[in-house]
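Peer 1: Got a structure here, written out as structure tokens. Questions coming.
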Amino acid sequence: MIWKVFLFAWIAAGMLAGFLWAPVVPVLGATTRVFYFHFPAALVTTLAFGWSMVHSALYLARRDLTHDDHAAGAADLGLLFCVVATISGSMWARAMWGAYWNWDPRETSVFFLLLIYAAYLALRAAIDGETRRARLAAIYSCVAFVTVPFLIFVVPRIYFSLHPDPLFGRRGKPDIDPRIMLVAAWMFAGFTALFFWLLSLRVRLGRVERCALKGMA
Amino acid sequence: MSALPAREAVSAVATLSARELTHRYSPRRGLDPVSFDLAGPGVTAVTGPNGSGKSTLLRIVAGLLRPSGGSCVLACEGRELPARARRPAIGLAAPDLSFYEEFTVGENLSFAAEARGLDDPRGRVRESLERVGLLARAADRADALSSGMRQRLRLAFALLHQPPVLLLDEPGSHLDDDGRVMVARLVGEHAERGLVLIATNEEREKTLAGHAIQLRGRGVGDPA
Amino acid sequence: MPATRSSSAGAVWAILRKECRSEWRTRYGLNSALLFAVTTLTSISFVVGKIADRTDILAALLWIVLVFAALASLAHTFVREVEGHTMTMLRLVASPTAIALGKLGFNLLFLGVLEAVTVPLFLVLVGGPPLHWDRFLAVLGLGSVALAAAATLVGAVIAQTRGRGALFAAVSLPILLPVLAGAVSGTRGQWNGAPIGAELRLLGAYAAALLGASLILYDHLWEE
């Protein structure tokens, strides 16, 4: 209980610091603030994706349904963080470049991730039977794993050459004020903790459901 | 009736054992844990009320279904066969076994023989059809068969590759008296050289077996 | 057990022949795929008119038509088996890998026939400068292999679910995006005289990665 409160306090402190304490990047102006929301969400969604895939592979190797709980839970939460990242990124793009969507490489990668998550969850919803669902979803997850490196490296090559983006790389500037990086790291830690906490709830719920069904039998 | 052609002697040592073998489809449906040890040649019946998991057990033995718990070990000629390697050693005839409707009886079996990599596929198909009395219907499309003929086709399919282990799920279903006599004959012939498992509730089929594995619906099954 | 030749390659070949024969008998899949492609092309031609100079749009249109025609038809090899309840028979005579490769081979042939009709029709109806055939065929070939590999695997997964057409398209699309990107860019490049080495490498590498992953994953696909 105390940890939940601590976590919320942590994140709240981070948001406050982001708005009140950390400075603004000159080029970006007030839109810098989105960084504290958008960047951690994007990192966490990538983390969630990796977590889901690893557990999918583990399920196929070991057939322990806990791995499936992890895979499905991470996908659900990853989708949530992905939507957050996409929307916040889109709002930022509007403020910075005038258009909500530009198909620049990062936006495109996040969008593809969103598509894969959505497809994975749609697939799960269409399968009856616990073990069958776990198995087929895990197979799809492993196929998606093959796809991802291509999407991350294809996208810049194909689309970047079509739509050169003068602002690409701006977000990777090394000489950003350390206070900004601190708040960003703080928020990333907070979001990651939030993700794992929610995931643990989901996994426990899955285990309890299975035990309850066994008990009823 | 023509004499059966001489064939290479099949090593008869096939053993099948299960330890706490179980499978759950849902909380209320499945196979309760069962353990047994069988050694061929011989005939064993698998009996039990509806829903006790007879078909499930056969599917697990055939390597088609991965059980949710327990173990099932099949060994032929001393070599243990993991589930994915059981195909050549198993012949299964079950009610849910369907064939390609757009192909003839002969084409279905030829396909099976070719996919299995059998020598002389045509000869084996002929032989198999002869044994079940379907030779006259070899050129009929599978969708034109009556249910009794389909059952004979299933048996022909199971016997096609002379497997050491024969798994029959309700082999007499849809068959007339001649058909049941044929099944008894096939089982008898096969039992001289290999292991036969018959899942059934029919008294006539139970008597073909030397002993039985009894599956109980809501409890633990144990060998008779 | 009767003597058998090495059966893996034989099984793949037998399955491929069976698929071809089955398709020939029913002709359901090919007819609908061709009809889909023709209808789409004529609709595009009607609505857009001739756009001979816009090679970027032409390349995109061509591959969108091909991909969607493929999505409309490549799953049916597995769906037919599931709906006809013939998976049990298939799994009893061939390994999962052999089944997968056989179906993949068929899907590749199917795609080839579809493309042989669609591409010329596209050039006639929608337009486009003359093709540099060697470069175009390289892109088409590698793209088709990747397309078939992805669609076969996803089709095998989808065939076991409740959803069908729309779900298949939605679930395949993320997997197909690299193929679309590489193929469209490559097709445009061969028209514009740009180097397409990178696109060919992408398509080839992706096809290889998909095939490699498939060979491992197909073993887990059918366990019931």
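Each reported figure results from applying straightforward, stated rules to the coordinates on display, with no laboratory input. Computed from a predicted model, the values in this text were never measured in an experiment. Here Cβ is always computed from backbone atoms with ideal geometry, including for glycine, and neighbour counts include all displayed protein chains.
Peer 1: Dipole of segment B:14-223 (Lys/Arg Cβ +1, Asp/Glu Cβ -1, origin at the Cα centre): which of B:ALA158, B:ILE198, B:GLY30 lies farthest to the positive side?
Peer 2: Going by the Cα projections, it comes out as B:GLY30.
Peer 1: Reachable lysines from B:LYS206, Cα under 18 Å, same-chain residues fewer than 8 places away excluded?
Peer 2: B:LYS206 reaches B:LYS54.
Peer 1: I would also like to ask the following. Under 20 Å Cα to Cα from C:LYS50, which lysines show up? Leave out anything in the same chain fewer than 8 places away.
Peer 2: C:LYS50 reaches no qualifying lysines.
Peer 1: Using just the alpha carbons, could you tell me how many Å³ per residue the convex hull of segment B:14-223 encloses?
Peer 2: Details: hull volume 24.2 nm³, N = 210.
Looking at segment B:14-223, the number lands at 115 Å³ per residue.
Peer 1: Taking the Cβ of each residue in C:LEU221, B:LEU155 as the centre, tally the other Cβ atoms inside 10 Å and list the residues starting with the fewest.
Peer 2: On the way: C:LEU221 19, B:LEU155 26.
Fewest to most other Cβ atoms nearby, the residues stand as C:LEU221, B:LEU155.
Peer 1: Further question on the same structure: Filter chain C for me: DSSP H helices, axial length by Cα at least 24 angstrom, mean Kyte-Doolittle hydropathy not below -0.5. List them by residue number. List each step's numbers first, then the result.
Peer 2: Numbers: long enough: C:7-26 (27 Å, -0.47); C:28-48 (30 Å, 1.51); C:55-73 (27 Å, 2.23); C:96-125 (42 Å, 1.75); C:133-158 (35 Å, 1.70); C:165-192 (36 Å, 1.01); C:197-217 (29 Å, 1.46).
Length and hydropathy pass: C:7-26, C:28-48, C:55-73, C:96-125, C:133-158, C:165-192, C:197-217.
Peer 1: Angle between the Cα long axis of helix A:65-97 and the longest principal axis of chain A, 0 to 90 degrees, nearest 10?
Peer 2: That works out to roughly 20 degrees.
Peer 1: B:VAL13's amide H: which non-local residues (gap 5+, or another chain) put their own amide H closer than 5 Å, with H modeled 1.01 Å from N in plane and none for Pro or chain starts?
Peer 2: Hits under the 5 Å cutoff: B:GLU77.
Peer 1: To check my understanding: the extent here is largest minus smallest coordinate of the Cα atoms along each principal axis. What are those three numbers for segment C:1-113, in Å, largest first?
Peer 2: For segment C:1-113, the Cα spread along each principal axis is 65, 25, 18 Å.
Peer 1: Only four residue types carry charge here, +1 at the Cβ of Lys and Arg and -1 at the Cβ of Asp and Glu. Report the dipole size of segment C:47-138 about the Cα centre in Debye, rounded to the nearest 20.
Peer 2: Details: 6 positive and 6 negative charges, 21 e Å.
That gives segment C:47-138 a dipole magnitude of about 100 debye.
Peer 1: What is the distance in Å between the Cα centroid of segment C:17-76 and that of segment B:12-26?
Peer 2: Their Cα centres are 49 Å away from one another.
Peer 1: Further question on the same structure: Using only atoms on other chains, find how many Cβ atoms lie within 10 Å of each Cβ of peptide B:161-170 and report the average. Before the final figure, lay out the partial values.
Peer 2: Values: counts 5, 2, 2, 1, 0, 0, 0, 0, 0, 0.
Mean partner-chain Cβ count within 10 Å for B:161-170: 1.
Peer 1: What angle, in degrees between 0 and 90 and rounded to the nearest 10, separates the Cα long axis of helix A:130-155 from the longest principal axis of the Cα atoms of chain A?
Peer 2: Long axis of A:130-155 versus the principal axis of chain A: about 20 degrees.
Peer 1: For chain B, what does -39500 (n - 2.57) per DSSP helix run (n ≥ 4), summed and divided by total residues, give at 222 nm, in deg cm²/dmol to the nearest 500?
Peer 2: Numbers: 6 runs with 65 residues, N = 224.
Per the formula, -8500 deg cm²/dmol.
Peer 1: Oh, and also: Give me D for chain A in µm² s⁻¹, whole number, from Stokes-Einstein with Rh from the Kirkwood sum over alpha-carbon pairs, 10 °C and 1.306 mPa s. The partial results should precede the final answer.
Peer 2: Numbers: Rh = 18.9 Å.
In µm²/s, the coefficient is 84.
Peer 1: In whole Hz, what ³J(HN,Hα) sequence does segment B:69-85 give by Karplus (6.51, -1.76, 1.60; θ = phi - 60°), x for Gly and Pro?
Peer 2: x, x, 9, 9, 10, 10, 10, 10, 6, x, 9, 6, 10, x, 3, 6, 9
Peer 1: Can you say what percent of the DSSP beta bridges in chain B, counting only those with both residues inside, are antiparallel? Round to 5.
Peer 2: Details: 21 of 40 bridges.
Around 50 percent of the beta bridges assigned by DSSP in chain B are antiparallel ones.
Peer 1: Place a +1 charge on the Cβ of each Lys and Arg in chain B and a -1 charge on the Cβ of each Asp and Glu, then give the dipole magnitude about the Cα centre in debye, rounded to the nearest 20. Can you show the working numbers first?
Peer 2: Details: 29 positive and 28 negative charges, 124 e Å.
Result for chain B is approximately 600 debye, rounded to the nearest 20.
Peer 1: Sticking with this structure for a sec: Leaving out same-chain residues fewer than 8 places away, which aspartates and glutamates sit with a Cα under 15 Å from that of C:LYS18?
Peer 2: Straight-distance partners of C:LYS18: B:GLU101, B:GLU102, B:GLU107, B:GLU114, C:GLU81.
Peer 1: I've got another one for you. Of all the stretches in chain B, which is the longest one without any exposed loop site, taking trypsin sites (Lys or Arg not before Pro) in a DSSP loop (any state but H, G, I, E, B) with at most 10 other Cβ atoms within 10 Å?
Peer 2: On the way: sites that count: B:ARG7, B:ARG218.
For trypsin sites (Lys or Arg not before Pro) (loop position, at most 10 other Cβ atoms within 10 Å), the longest site-free span of chain B is B:8-217.
Peer 1: Another question, then. What shape does the protein assembly as shown take by its C-alpha gyration tensor, where a ≥ b ≥ c are the square roots of the eigenvalues and a/c under 1.5 counts as rounded, a/b above b/c as prolate, and the rest as oblate?
Peer 2: Details: a/c = 3.11, a/b = 1.56, b/c = 2.00.
In terms of gyration-tensor shape, oblate.
Peer 1: Test of understanding: ordering C:SER144, A:SER90 by Cβ neighbours within 10 Å, fewest first, what list do you get? Each step should come with its number before you reach the end.
Peer 2: Details: C:SER144 22, A:SER90 18.
Ordered by Cβ neighbours within 10 Å, fewest first: A:SER90, C:SER144.
Peer 1: Whose amide H sits under 5 Å from the amide H of B:TYR25, counting only residues 5 or more places off or on another chain, with H placed in the peptide plane?
Peer 2: For B:TYR25, the qualifying residues are B:GLY30, B:LEU31.
Peer 1: Could I ask something else about it? On C-alpha positions alone, give me the angle between the axis of helix B:105-116 and the longest principal axis of chain B, in degrees, nearest 10.
Peer 2: Computed tilt is about 60 degrees.
Peer 1: As a footprinting exposure proxy, order B:CYS76, A:CYS142 by other Cβ within 10 Å, with the fewest listed first.
Peer 2: Details: B:CYS76 26, A:CYS142 19.
Arranged by neighbour count, lowest to highest, B:CYS76, A:CYS142 become A:CYS142, B:CYS76.
Peer 1: How much of the DSSP beta bridge set in the protein assembly as shown is antiparallel, as a percent to the nearest 5?
Peer 2: Values: 22 of 41 bridges.
Looking only at bridges with both residues in the protein assembly as shown, the antiparallel portion is about 55 percent.
Peer 1: Would you work out if chain C is rounded, prolate or oblate? Take a ≥ b ≥ c from the square roots of the eigenvalues of the alpha-carbon gyration tensor; rounded if a/c is under 1.5, else prolate when a/b is larger than b/c, oblate otherwise.
Peer 2: Verdict is prolate for chain C.
Peer 1: Using the C-alpha atoms of segment C:102-224, what convex hull volume per residue, in cubic angstrom, is computed? Can you show the working numbers first?
Peer 2: On the way: hull volume 13.3 nm³, N = 123.
Taking the convex hull of the Cα positions in segment C:102-224, it is 108 Å³ per residue.
Peer 1: Hand me the GluC sites (Glu not before Pro) from segment B:130-215 located in a DSSP loop with no more than 16 other Cβ atoms within 10 Å, in residue order please.
Peer 2: Details: sites: B:GLU130, B:GLU189, B:GLU192, B:GLU202, B:GLU203, B:GLU205; in loops: B:GLU192, B:GLU202.
Those satisfying the criteria are B:GLU192, B:GLU202.
Peer 1: Could you size up the charge dipole of chain A around its Cα centre, putting +1 on the beta carbon of Lys and Arg and -1 on that of Asp and Glu, and report it in debye to the nearest 20? Each step should come with its number before you reach the end.
Peer 2: Numbers: 20 positive and 12 negative charges, 69 e Å.
The calculation lands at about 340 debye.
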